[in-house]
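First up is the structure itself, then whatever we jot down about it.
The values are calculated or read from the model by the stated rules, or taken from the named source; none is laboratory data. Because the structure is a prediction, the values reported are computed rather than measured. Positions of Cβ are generated from backbone atoms using ideal geometry, with glycine treated the same way; all protein chains shown enter the neighbour counts. For accessibility, only protein heavy atoms count, side chains too; no ligands or nucleic acids. Shrake-Rupley method; radii C 1.70, N 1.55, O 1.52, S 1.80 Å.
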Amino acid sequence: MDWSQSLRLIAPEETLSVASLVLLLVAAWGGDKAARLISILAVAALVAAGVLVAPALCGGAMGAETSAFFGQFRADAFASYAKILIYLSAAVSLVIAPAFFDRFKAMRAEYPVLVLLAALGTGMMVSATDLLTLYIGLEMNSLAAYVLAAFLRTDGRSAEAGLKYFVLGALASGILLFGMSLTYGFAGATSFAGISASMTQGLSNGALFGIVFVFAGLAFKISAAPFHMWTPDVYEGAPTPVTTLFATAAKVGALGLTMRVAFEAFGDQSAAWQQIVVFAALASIVIGALGAIRQDNIKRLMAYSSINNVGFILIGLAVANPEGAAAMLYYMAIYVAMTVGGFVAILMLKDENGEPVEEISRMAGLSRTRPGLALALAMIMFSLAGIPPLFGFWGKFLVFKAAVDGGMVALAAIGFAASVIGAFYYLKVVKVIYFDEAADVVKGESDFWHKLILVLSCVFISPLGYLLTPWFDGLTRTAAAALFSGL
Amino acid sequence: MSGFPILSLMLLVPLAAALACLYLDAKSARTVALLATLANLALGVVLWLNFDVGGAQWQFQERHELFSGFSYALGIDGIALLLIELSVFLMPICIGASWNSIEKRVGEYMAAFLLVETLMIGVFAAQDIFLFYMFFEAGLIPMYLIIGIWGGADRIYASYKFFLYTLLGSVLMLVAMLWMVHTAGTTYVPTLMAYDFDPQVQTWLWLAFFASFAVKMPMWPVHTWLPAAHVQAPTAGSVILAGVLLKMGGYGFIRFSLPMFPEASAYFAPLVWGLSMAAVVITSLIALVQDDMKKLIAYSSVAHMAIVTIGLFAFNVQGLEGSMLVMLSHGLVSGALFLCVGIIYDRLHTREIARYGGLAINMPRYALFFLLFTMASIGLPGTSGFVGEFLSLGGIYQVSSWAALICTTGIILGAAYMLYLYRRVVFGDQKNADAAAMADLDLREYLMVIPLGLAVLWMGVYPESFIAPMRADIAALDARLARAKPQGDPKLVMGKEKPAHEEAAHEGAH
């Protein structure tokens, strides 16, 4: 393990760090006029980083040779899988941003740089194999995210979202840090391998407390119930492209981190955290479903929907085996596609003056004024509800298959039954856009990039997505195997 | 014919037409939809002609392994064949029924219908349990849209009720399916049908499947979505809902619940009998007091479906054959009745019985066809309704005379509400001038009711054509169920043959 090897392994992170620093200088000299150029370069940097991580995934990299900096960092197939999702989501949130911010004259040069930094931090989270790397990645992501949430400085809601996200995020970080310190105190190590090794004899009460606090802190970050309260406010208030980033990249990162901590650090003690995860999963499914029913703002609805989806993903975690992990990874990819599609569709909902339309009631009769957009939204909603043959069904199917195969039939049955409650509010959106009399509000023209991304994500979640299944199956299995190879 | 993927083609034709319809204007969408459904009907005829009666149990098989144990496997036996024939037969009629009455968003409407056709055929032809589930569940989306967009005044409530009821039923079924596949190690339905699950676990699996099929069927007391959905759906929606979609529940019982869980089926048979008895009596009485024609027929559907379940859970050949025939007959008859309601609804735009009256005077030909279907619904000998009901009730009599007794009252009550409906609509005085001015059937309507009428008579006079393809499958199912067959209470014994001269003397006395 020499330095050159370690530096080779973190090539994507280096690319992103250098790119963000250089682009920051460009921003300093070029000002907001250079925003577009910086955006393009930032997307290029993300693509380059994606290309750099791809070989590890395709080659199924795992084991000791992927470990960098003496067990601090790991660039294995699992990390690559999550990073590709993260970089892709970050690129999307850059591509869709100009059309949104231009209206407010708020397309500032810092935006792409902040997104790059957030993507860098998120990528480090999924590669972390040490509590220190974990915390650095997490804070790097969070600090960029706080600023991004408040990016529309003149908008009260955006500022509120930024403040709320900051205060609650800091609280979550505090809880996590407390849990980490307890874990370190009782395990005597900060590396996941060391923690795992120290717990083979059994679990002391202190370490158990550590686990509970670590999971509580992580639950904040993935917005799992009962630590979900910030999500609707932040998702509603933050500018929509930023919300897209939160709902996709940040969530994938936090979930990937949770998987690493759960399986690598506390893998032998799965009995200790399975109950917590089962509770969080069911609570998220139910709260996500019930909370959304009364919402009229579609961004808040998507926030509850993401809480609901996190619940389903956590069912895969609760199973605590490679099959469950592979199902989670698969679900995450589909979830990212659905969420990106959903938020891009929301961006395209504009009235005559180009003002965004966020109230569901004002979308009435959308199917008559904008049939294509209405069809896309309906597909996304049915897919989120998990109705076959849309691809969203397959994610739920795999997660529940893993649960049943892992002997958690009751969990699967309750989770599935609760998904029916969720179907209700997705149906409500379809009802409003298809059945109600046309309100004729949504008129504005749509940006080319929005259309392109919407079409791509809709093709992915359409039944055509199943064609990718053999390939995806292989990828998720490789990634899950890499995650479990350290055990 | 062997090797030609005719089932895939039957799935593909409506699917391709559905996609085409989305981009066409109203007129060409109608034409394309009609042509596609007629083409599928032709394929259905070819399918039936090539079906080898008495040959292999599963025919026209196609199988492609896809991913993670999931395969694209199609294939039909006699039971599935008949239900596919029913679907393809009703579809052109449905398109015809909506020819003029649907004016807004015709392309989308036709696309939704063609999609429903694809999914229905898929449900009956699927041989992979998850493929079956996909088709079974995907039907919710187009039906939700059909009811919600083109339905009547209270359509939103009806569409929600339809969607959520059926979804709740089927998600539990999916969990059970996952468990079965995990245990049996295969998703192939014929293998699962022969797999012996632990009787203890069967109980749970049976309940999960029951939750889904009972809602789809629909059985009392989870039938309440049906009247709501029917009343609000457009005529063609009602025809397809009553004609084919309800058969998915019965098909599910006969394909999954009975052969896969024989012990549990026997254990729960009294529950099914109880619910069916309740359904027959209660929904028939409810039908008697309806003043909305479609609601009346919807409740009568629930009563007829109860005859299906009672026959299925009789555990003998008569019962099983009878319930299949009731399903086919009900598909034709209730479809035809909804069509008859639709015909006069198109003219007067009301389903209220009291607004009509004396139609026999100005619409004599309509009255004739309506009478034929009314009689078939009652189960008059010579019509399709008689054969199935007689066999079903004969089948259940062998295991439970009480159930037979109570369910038979359904025929009497059925006669009561149907004749009462017929009297109020067709006979009597012409109370309303606008109803009296309605024109008789036109060519389009003739083309819809005549095939239905002929099919109803054919099934009534020569049911052998319909029993023959499924005889071997029913016998196989009966053999599978034999080990769990409940002990019947009537203790039937074969009567001693009477001496020949006594019978001759008896004959002479007449």
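Here are the numbers:
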{"read-out": "Under 16 Å from the Cα of A:LYS105 - lysines, other chains or at least 8 residues apart", "value": "A:LYS33"}
{"read-out": "Theoretical FRET efficiency, 1/(1+(r/R0)^6), r = Cβ-Cβ of B:THR183 and B:TYR462, R0 45 Å, to 0.05", "value": "0.55"}
{"read-out": "Cα→Cβ-extended label distance, 7 Å offset, between B:ASP442 and B:LEU19, nm", "value": "3.5"}
{"read-out": "Between helix A:322-348 and chain A: long-axis angle, C-alpha atoms, 0 to 90°, nearest 10", "value": "20"}
{"read-out": "Computed [θ] at 222 nm, deg cm²/dmol, the protein assembly as shown (DSSP H ≥ 4; -39,500 (n - 2.57); rounded to nearest 500)", "value": "-24000 deg cm²/dmol"}
{"read-out": "Nearest-0.05 FRET efficiency for B:LEU66 and B:ASP434, computed from C-beta distance (R0 51 Å)", "value": "0.35"}
{"read-out": "Rounded Å value of the spacing that divides the Cα centres of segment A:370-416 and segment B:396-449", "value": "43"}
{"read-out": "Segment A:188-265-segment B:1-37 distance, computed between alpha-carbon centres (Å)", "value": "50"}
{"read-out": "Mean Cβ neighbour count within 10 Å, used as a protection proxy, ranking B:364-373, A:380-389 highest first", "value": "A:380-389, B:364-373"}
{"read-out": "Shielding score for A:414-421, defined as the mean number of other chain Cβ atoms within 10 Å", "value": "4"}
{"read-out": "Chain A: angle of helix A:11-30 to the longest principal axis, Cα-based, in degrees nearest 10", "value": "40"}
{"read-out": "Carbon/sulfur fraction of accessible area - segment A:3-485, other protein chains in place, 1.4 Å, %", "value": "69"}
{"read-out": "Solvent-accessible area buried by pairing A with B, both sides, nearest 100 square angstrom, 1.4 angstrom probe", "value": "3000"}
{"read-out": "Candidate lysines - alpha carbon under 21 Å from A:LYS431, same-chain residues fewer than 8 apart omitted", "value": "A:LYS299, A:LYS350, A:LYS443, B:LYS104, B:LYS161"}
{"read-out": "Surface share of carbon and sulfur [accessible, 1.4 angstrom probe, percent] for segment B:355-504", "value": "68"}
{"read-out": "Separation of the B:LEU38 and A:ASP296 label points, Cα + 7 Å toward Cβ, nm", "value": "5.1"}
{"read-out": "Mean Cα-pair separation over length for chain B, i.e. relative contact order, pairs under 8 Å, 6 or more apart, %", "value": "15"}
{"read-out": "R0 of 41 Å, Cβ-Cβ distance A:LEU7-A:ASN205: FRET efficiency to nearest 0.05", "value": "0.50"}
{"read-out": "Nearby aspartates and glutamates by direct alpha-carbon distance to B:LYS496 (threshold 20 angstrom, same-chain neighbours under 8 apart not counted)", "value": "B:GLU507"}
{"read-out": "Label point distance in nm, B:LEU285-B:ARG365, each placed 7 Å from Cα along Cα→Cβ", "value": "4.3"}
{"read-out": "Accessible area of segment B:52-113 belonging to carbon and sulfur atoms, whole % at 1.4 Å probe", "value": "53"}
